[in-house]
1. Counting pairs of Cα atoms in chain A, how many percent are more than 16 Å apart?
2. I'd like to check one number: the per residue accessible area of the protein assembly as shown, probe 1.4 Å, reported in Å² as a whole number.
3. For segment B:52-117, what does the equivalent ellipsoid look like in terms of its semi-axes, each the square root of 5 times an eigenvalue of the Cα gyration tensor, given largest first in whole Å?
4. Applying 1/(1 + (r/R0)^6) with R0 = 41 Å to the Cβ-Cβ distance of B:Lys14 and A:Asn22, what FRET efficiency is obtained, to the nearest 0.05?
5. Please average, across the residues of A:26-39, the number of beta carbons from any other chain that are within 10 Å of each residue's own beta carbon, and give a whole number.
6. Counting protein heavy atoms only and a 1.4 angstrom probe, how many square angstrom of accessible surface do chains A and B bury in total, to the nearest 100?
7. Sum up the charges of everything whose Cβ sits under 9 Å from the Cβ of B:Gln6, counting Lys and Arg as +1 and Asp and Glu as -1, but leave B:Gln6 out.
8. Which peptide among B:51-58, A:85-92, B:72-79 comes first, and what is the full order, when sorted by highest mean count of other Cβ atoms within 10 Å?
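The values are calculated or read from the model by the stated rules, or taken from the named source; none is laboratory data. Predicted model, so just to flag it, every value in this text is computed and none were measured. Here Cβ is always computed from backbone atoms with ideal geometry, including for glycine, and neighbour counts include all displayed protein chains. Heads up: the accessible areas ignore ligands, DNA and RNA and are worked out on the full protein's heavy atoms, side chains in. Shrake-Rupley method; radii C 1.70, N 1.55, O 1.52, S 1.80 Å.
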Amino acid sequence: RKEVEQDPGPFNVPEGATVAFNCTYSNSASQSFFWYRQDCRKEPKLLMSVYSSGNEDGRFTAQLNRASQYISLLIRDSKLSDSATYLCVVMGVPGNTGKLIFGQGTTLQVKP
Amino acid sequence: GAVVSQHPSWVICKSGTSVKIECRSLDFQATTMFWYRQFPKQSLMLMATSNEGSKATYEQGVEKDKFLINHASLTLSTLTVTSAHPEDSSFYICSAEGRGGRPYEQYFGPGTRLTVT
């Protein structure tokens, strides 16, 4: 079983749509959680951290459910510029902090 | 702030040769640098973690004699792919964790695309 699992997609949505991505992780002792965005042939860039209480940054909302080991990202009012691959990332367990474990990524294509 | 550069951005080499990739933190001191590899349509996989002045810690399945890592200063780490083969063709990305940043925040370099012919 992969440590971090995501549906690779692609998700094809029209501009203005709301889209949600999900991610599950296997290690219940994982410490921190993030969503990164990666454009084609570029490095990943931090989109947002994910907190148990849920957090929002503009059109983006992230949720964490520790009991189910499940992370989500909601994008409202999709823009063409949101087209990218979204990576679910989990930070390592105690004793191995600093190690980021990346999911395969979910590809989003926003169409006009 | 928190800029990380990599050089070269892309390289083509012949099978059997060695290639060195540099990762530099430009405006901060990086106590720890990480090297990742990403094959097409796959996730980033951590290869090794390096701390300045000490030996790198390699992930399971990564050959330390093939992927030589040197973290000689607080702003520079190098990855040398020795005796490269076509299956080593990949996107290599470094990241740096610095002093003064948020705990465990990693700043990524732009990546190096290696093609071995």
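1. Working: 3503 of 6216 pairs.
Of all Cα-Cα distances in chain A, 56 percent exceed 16 Å.
2. Roughly 49 Å² per residue, with all protein chains present.
3. Working: eigenvalues 114, 43, 22 Å².
That gives 24, 15, 11 Å for the three semi-axes.
4. FRET efficiency, B:Lys14 to A:Asn22: 0.40.
5. Shielding by partners across A:26-39 averages 1.
6. Numbers: alone 6120 and 6570 Å², together 11300 Å².
Separately minus together, A and B give about 1400 Å² buried.
7. Net of charged neighbours comes to -1.
8. Working: B:51-58: 14.4, A:85-92: 23.8, B:72-79: 18.8.
Top of the packing list down: A:85-92, B:72-79, B:51-58.
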